[in-house]
1. Just to check your reading of the model, which residue among A:Thr102, A:Thr84, A:Thr128, A:Thr77 is among the β-branched types (Val, Ile, Thr) and at pLDDT below 90?
2. Can you tell me which residue in region A:384-431 is surrounded by the most Cβ atoms within 10 Å (Cβ to Cβ), limited to those that are assigned to a helix (DSSP H, G or I) and of a type in the set (Lys, Arg)?
3. Would you be able to say whether some residue in region A:262-270 is out of contact with any Gly (no Cβ under 9 Å at 6 or more places or on another chain) and surrounded by fewer than 23 Cβ atoms within 10 Å (Cβ to Cβ)?
4. (1) surrounded by fewer than 20 Cβ atoms within 10 Å (Cβ to Cβ); (2) modelled with pLDDT of 90 or more; (3) not small (Gly, Ala, Ser): which one isn't true of A:Leu632, the others all being true?
5. Give just the number: which of (1) exposed (fewer than 15 other Cβ atoms within 10 Å of the Cβ); (2) over 22 Å from the mean Cα position of the chain (by Cα) does A:His251 not satisfy?
6. Which count do you get for residues in region A:18-38 that are closer than 15 Å to A:Tyr57 by Cβ and in a helix (DSSP H, G or I)?
7. Looking at region A:592-612, is at least one residue polar (S, T, N, Q) and in a loop (DSSP other than H, G, I, E, B)?
8. Under 9 Å by Cβ, and 6 or more places apart or on different chains, what pairs join a residue from region A:302-313 that is farther than 22 Å from A:Val248 by Cβ with one that is hydroxyl-bearing (Ser, Thr, Tyr) and part of a loop (DSSP other than H, G, I, E, B)?
Amino acid sequence: MTPRAATSETLGLLRPFFDHKGWQPFEFQEATWQAFLDGKSGLLHAPTGVGKTLAVYLGPLSVTLESGKGCRVLWLTPLRALATDTLRALREPLEMLGAGLTAEARTGDTPAALRARLRKSLPHTFVTTPESLSLMLTHADTREKFSNIAAIIVDEWHELLGTKRGIQTELCLARLRAWLPSVPIWGLSATLGNLTEARRTLLGSAFPGSVEVSAALAKEIIIETIIPNEIERFPWAGHLGTRLAPQVVQHLEKADTTLLFTNTRSQTEIWYQELLSLRPDWAGKIAMHHGSLDRTERDIAENGLRDGSLKCVVATSSLDLGVDFSPVDQIIQVGSPKGIARLLQRAGRSGHQPGKPSRILCVPSNALELVEFAAAREAARVRAIETRDPLRKPLDVLVQHLVTCAIGEPFLPDEMKREILSAHAYSDLTNAEWQWALGFISNGGKALAAYPRYQKAHITDGRYTVDDKRLILQHRLSIGTISSDPAVSIRFANGRVLGSVEESFIAGIKTGGHLIFAGRHLTLVRFHQRVATVKPAVKNSKGRIAIWGGARMPLSTELTHAISQIIAEYSQDPNNSSAYPEMLAVAPILELQLRWSCLPSDEALLIEFSRSKEGEHLFLFPFAGRLVHEGLGAMVAYRISQENQQTVQASQNDYGFSLTARRGLALDEAKLRRYLSPENLLEDLIACMNTGELARRNFREIARVSGLILQRPPGRRDVSQREIQSSASLLYEVLQRYDPENELLRQSEREILEKQLEFTRLYRVTQDLTRRPFHLVETEHLTPMAFPLWADRLQSTLMATDAATRLGEMLHELHHAAGLDKPGHLPDPALEVDSPTSKKRQYSLKPARRRHGF
Amino acid sequence: MTPFPDHPEIHLLSEGAALASDCGTLVVADVHLGKSATFRARGLAVPEGDMLRDFARLLTLVVKYKARRLVIAGDFFHAPAGITSELEDALGKFILDLAVPLVLVAGNHDRKLKCLPLEMRAAPSMMLAGGVRVIHDPAEAIADQLHLAGHWHPVVRICDGIQRPMRMPSFVFRSQTLVLPAFGSFTGGTIIAGERGDRVFVALRDSIIELPRSFIR
């Protein structure tokens, strides 16, 4: 029998299922089955709702229907919430084609009884998360239980890519590849700009010879925008208003069920309130959904979407992926799309069935967002989608995985190293890093002297092993890379939890004060030890809407590029009536910009200069997203102030940044080029951003993942556990002082630069700026592009000053405000002190300075 | 500074200690010796170094303020697993270098040790000359008497509404008890929820200041 014939025979087994459904297999499904039957690994890229689950599942199913016992298909899913839906989708063909075969899921939510059953034996199809899979690797019998696996499938790989959970997945797959070298691994991914890299990252050493299958049937996506009636009176940028809410309500009335996406949790709360105030009769028919709401609150919204009983759910990215809500027939996006892939992902939440178009209605909150929507549509049309950059060898995840492996079965370091290097993220792991990791999990390694009596893994016959029962339990409890933030939980007196807010928000509300959270008006009864007790407020009380910190998402490189292009097109032919409606609407503003200055683009760098009462302003528009601009702004301000001792303030948005100083700013191209130069970039950034302080704050996650901070076991409070609790920032200081070579410190610095400033992107931008021509324009008025930057002179929250300076300033202001000239307490003169250094340098509060002029 | 008009002999020091100047007694709380060793014994890779540093800091203080006695207001030691031979050696050397009497008040952590290293003894509390009592847990305070205590590791949280809130170790005075900040370098802190009548002191550079009421929540 030829392989081809064998294939068609195997696939014939699937016939009954398709006949029953009345379906014909799609070409990409058959291609995926064929590739699988040829023993190939690969990545299937397809939009949601076209049958990609069947494409990757039926191949493995067809070869495992009749032979073999135990677990045959391992299915990894990034979301616990997705596991149930996935299971439903997999069971349908499984139960029809393979009598007696079962599929089960094991996630953090799995009830104990099922978990115990799964510990004994695994079903034919086993659905689990990266964390649960890691946990299984700590059990010695897992290798045996997995020995019959015929296929490993990773769902929603694009969600894992670029995260530590993705790295954890890569490491688990490396382990499975070492155990089962010939088993194909398949990933499922939405559209990405770097699909080949995504496949290489997923497959690691199994990449050569693998294939990529695309579902050619491009799903039709319709992107529409609500155009405001009077563009001149519409804010240019910045304001996140609800001005268009009445029009939104009209659209809600027309549809059965709407999913309304906003960009932040606070916006979700604001829009929910706004919709209710416009349509009070919708109380109970609209709901909200965001990551800080308690599970039960979110379930209400999700169930309402599933059974179609809700008119509208206002949500954040917490509903971006996963669960299939078929009744949803309208998607609305409020505010900037931020990225093309993100907008498409959200659009894809409607029209989940094959063949139906996805439709998204965009609601701008300022004029420039009209351009963003038009640009996103154009970029989506030409498929210029964002890339997701994989992380590079995070050592915290590596040491966690090594301990996981050492618990599961003792390992030889050389063998293990080969296995680790086969994961893409660690393919360039240096020997020094490897030795450090081994030391970290065993006895302190090279820094042995700093770690007397430390031991985690011990070495027997050359193999690393962990067999201390307490350590094993401790480790199992802390597997995973998600670190929950210490937040304040909001609950009623009867114990019902609503969700969580940040401490800084609740700290600003006095007992008896009002707040709006989870769509409810609440009164704060008590705030004690991370629990805020609330009660429903009297009707119509004015309360503060909950706000959450956290970095605001920058516009993606691809979207800023698309914006730049669409503006360039406009500037070539401003009267082109066939242009997008958004561009026609925003034309008066662009025309003003063109008249007073010129239109910005990412070809040339537009720099505007103007004067005001405050002094001089420079506005630079590199079009590189908010985070990069924040870094650039801080750095240029720092470089200028180094040169001429001026205080320079910086502010930024997604299009550019501004610099303000009393004097000393000028449109001097040579100087500006020097300020923007990539030379000494890292050093200057570290100097001006106080990266040490930022890295200390960032250390929490790394300390958690690497096992320096233990997760408190839920419920049970182990007293001996309290002996070994400490805060991440304390650990950071201790490591810095006594083991400064510790790789985790360096990782923390690297991560914070990437997270807070998109360092890689920033570096590319400065490189690129050296080649871009500069357009220098002195303007009389603030232009439409400059105005938002000027109006939005946000204090950069990134600059970290030390506590003493800040407290000194606060006290100073307080005394100043009170008109006191004498500070409250001076150092104690009565005290006899022997130290020569402390005599003169004692800090005293200066009498309030009188401020002149401004 | 001297915060108590009735007890002018009590000075708060920016190093996180208190000095009773009438009897030359230096008081610190919560040193938690052997804490990082406890971590290591439980498989957490935390480096050593703080123990020697804390001994050195104590010696400097005693010399600088010409103290004639050092009193530890509880939790000198962290946990049984942290009492290593290295600790006993360093402690022996410290006591020799100290050259003034060292008095331990027993803390909850000390009590977990079956016996203290070097056959040291810890008293339940200690009375100073001026009628000030040193205890560990503020809950053990007796009415109408000034106490110096530890146990809480008090930290105050100050918000300026612009940047992230600052956390600073602090002295907290509440109902006749002055709670000292934790002295040990490898000790964390607990944010103390302010109560009516609290006085809070923090170190600002080289001196101690009392925080204005509006800064305390």
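The values are calculated or read from the model by the stated rules, or taken from the named source; none is laboratory data. Keep in mind it's a predicted model, so treat the numbers as computed, not measured. Here the Cβ positions follow ideal geometry from the backbone for every residue, glycine too, while neighbour counts run over all protein chains shown.
1. Every option except A:Thr84 fails the conditions.
2. The selected residue is A:Lys417.
3. Within region A:262-270, one or more residues are out of contact with any Gly (no Cβ under 9 Å at 6 or more places or on another chain) and surrounded by fewer than 23 Cβ atoms within 10 Å (Cβ to Cβ).
4. So the condition that A:Leu632 fails would be (1).
5. Of everything listed in (1) exposed (fewer than 15 other Cβ atoms within 10 Å of the Cβ); (2) over 22 Å from the mean Cα position of the chain (by Cα), A:His251 misses just condition (1).
6. Residues that pass the stated criteria total 12.
7. Yes, region A:592-612 contains at least one residue that is polar (S, T, N, Q) and in a loop (DSSP other than H, G, I, E, B).
8. From residues that are farther than 22 Å from A:Val248 by Cβ, the pairs are A:Asn303/A:Ser309; A:Arg306/A:Ser326.
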